[in-house]
Amino acid sequence: MAKITSKYQVTIPKKIADKYNIRPGDNIDWLEAGEAIRVVPSSKETKAEKETKADDLEARLRLFDQATERIRKRTAARKVRQPKDRGWKREDLYTRGRSH
């Protein structure tokens, strides 16, 4: 017998979970069946759904690769400015205005 918690959660007995291959993170459906309630493991992904997810992943990876290439080109095209010869060095700032 399972008990309902204050958050309306129910624990599935391990024996039942093992028999129907229900694992943590799986979804289950609650179906009305007259005066009873049926708990049914959600249908697994169909082959078409898996292919759609694979296509989505490939498209996202392709877009990521394109963006990475654009950033690489943009970075390579940047000119690095050489510091100007101002007649003084950074170290001179620490002693400037002080008597030696």
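What to note about this one:
- Value of [θ]222 nm, deg cm²/dmol, for the chain, DSSP H segments ≥ 4, -39500 (n - 2.57) each, nearest 500: -14000 deg cm²/dmol
- Rounded tilt (10° steps) of 47-77 against the dominant C-alpha axis of the chain: 0 degrees
- Each residue of the chain gets 319 Å³ once the volume of the Cα convex hull is shared out per residue.
- Lysine pair count for the chain [Cα-Cα under 30 Å; pairs on different chains or 8 or more apart]: 20
- Other-chain or far-sequence residues with amide H under 5 Å of Ile28's (modelled H): Ser42
- Charged neighbours of Arg62, selected by a Cβ distance under 14 Å, balance to -3 (K, R count +1; D, E count -1).
- Taking the Cα centre of the chain as reference, the dipole from Cβ charges on Lys and Arg (+1) and Asp and Glu (-1) amounts to some 1240 debye.
- Relative contact order, percent, the chain [alpha-carbon distance under 8 Å, six or more residues apart]: 11 percent
- Inter-site label distance for Thr5 and Ala36 at 7 Å from Cα along Cβ, in nm: 2.7 nm
Bear in mind these aren't lab numbers, they're just calculated from the coordinates by the rules spelled out. These numbers come from a predicted model, not from an experiment. Cβ atoms come from the backbone with ideal geometry, glycine included; neighbour counts cover every protein chain shown.
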